[in-house]
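The values are calculated or read from the model by the stated rules, or taken from the named source; none is laboratory data. Given the structure is predicted, the values throughout are model-derived calculations rather than measurements. Methodologically, a virtual Cβ is constructed for each residue, glycine included, from the backbone with ideal geometry; neighbour enumeration extends over all protein chains shown. Surface areas here come from the heavy atoms of the whole protein model, side chains and all, with no ligands, DNA or RNA. Shrake-Rupley method; radii C 1.70, N 1.55, O 1.52, S 1.80 Å.
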Amino acid sequence: MCKRFLLCFHDFSVWNYQNVTPILEDLKDLAGAPFSVLVIPDTENATPEAIEGFRGVLRKLKSEGFEFALHGFKHKAEFSQGRSYAGLVGMNLTGGESEFAGLCEYESSRLLQAALESWKKLFADENGNAEAPVAFVPPTWFSNKFLSGQVRAEKMLYEDRFSLTTAEGIRYASPVASFAGIPKATEKAAIAYAAFIMKLPVGLPRLAVHPVDFPRLRDVVRDTIRVALNNRRKLVHYSEL
């Protein structure tokens, strides 16, 4: 069976697309193919010009073969109603970015629907139709016990920190390498871990790349991709699982 890996670019939004788009194109050249981009759909307070520019870039990337996944709603929580103590801890650890952490069933569903509505507005064509996201990745991977089922009920793949679960319930072990938000002292260990999981004979490893990784860690990202390809791993999309 062919060994595979995922290259996932997180946090693409209306606020950073102008700076990030050249990075995506550069990574496509490094990887030899387009990959998965995780989109933050909220455009509240953005100018009409910025929104239209973002939509144009999304259309262009889609035509090049990139695939898009839904990455939360705002990637920043504005409330904590119905949030468990564990969720509050997760919020504290991530500077308030883990907006789905520890939510009760109602709040988790409400926030997911808000994210989907924002996605539909962002991706709507001239007829008001929008292609559904192929996957949902909660910001920072902190979640709650209801979210996976809610996501899969919407016919999306669900990603957590250690695995991927399709809408049909098929689960893949999937270790993830990520360099964003980690202490400088642990960077070398994270880089070594990234190379290690790409060399494993089993599993479906992910390389989760963030805008803050560039330009400083560009060579690290490049080398990790090369390790995967040199170990005969095929770059795949969520939609291929």
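Using unit Cβ charges (K, R positive; D, E negative) and no other charged atoms, how large, in debye to the nearest 20, is the dipole of region 36-82 about its Cα centre?
120
Rg over Rh of the chain, using C-alpha atoms and the Kirkwood radius, what does it come to?
Checking Rg against Rh, the ratio lands at 0.94.
Among PHE68, TRP15, LEU30, pick out the residue whose Cα is farthest towards the positive end of the charge dipole of the chain, where Lys and Arg carry +1 and Asp and Glu carry -1 on C-beta, about the Cα centre.
Towards the positive end, the residue furthest out is LEU30.
State the extension gain, in nm to one decimal, for the chain segment bounded by LEU88 and CYS2, taking 0.36 nm per residue of separation less the distance between their alpha-carbons.
Full extension from LEU88 to CYS2 adds 26.9 nm.
Tell me, what is the FRET efficiency for LEU30 and GLU187 to the nearest 0.05, using R0 = 22 angstrom and their Cβ-Cβ distance as r?
Result of the calculation: an efficiency of 0.65.
Can you list the residues of region 194-211 with backbone N under 20 Å from a point 7 Å past the Cα of ARG171, pointing along Cα to Cβ?
So the set is 202-206.
Extension gain VAL202-GLU131, at 0.36 nm per residue separation less the Cα-Cα distance, in nm?
The VAL202-GLU131 span can extend by a further 22.3 nm.
Between GLU117 and GLN18, 0.36 nm times their residue separation minus their Cα-Cα distance comes to what?
33.3 nm
For an R0 of 30 angstrom, estimate the FRET efficiency from the Cβ-Cβ distance between SER239 and PHE214 and round to the nearest 0.05.
The formula returns an efficiency of 0.70 here.
Percent of accessible area on the chain owned by carbon and sulfur, 1.4 Å probe?
Result for the chain: 54 percent of the exposed heavy-atom area is carbon or sulfur.
How large, in Å, is region 120-210 by the Kirkwood hydrodynamic radius built from its alpha-carbon pairs?
15.1
Using all alpha carbons of region 59-160, what is the percent of pairwise distances in each 5 Å bin, ordered from the shortest bin to the longest?
Answer for region 59-160: a P(r) of 3, 13, 23, 24, 16, 11, 7, 3, 1 percent.
Tell me which lysines have Cα within less than 20 Å of LYS188's Cα, excluding those fewer than 8 residues away on the same chain?
By straight Cα distance, LYS188 reaches LYS199.
Let's see if you can work this out: charge +1 on each Lys and Arg Cβ, -1 on each Asp and Glu Cβ, no other charges. What is the dipole magnitude of region 147-241 about its Cα centre, in debye to the nearest 20?
Computed about the Cα centre, the dipole is about 320 debye.
What is the diffusion coefficient of region 41-119 in µm²/s, taking the Kirkwood radius over Cα pairs and the Stokes-Einstein relation at 20 °C with a viscosity of 1.002 mPa s?
Diffusion coefficient, whole number: 152 µm²/s.
GNM, the chain, Cα, under 10 Å: largest mean-square fluctuation among ASN231, ASN16, ASN127?
ASN127
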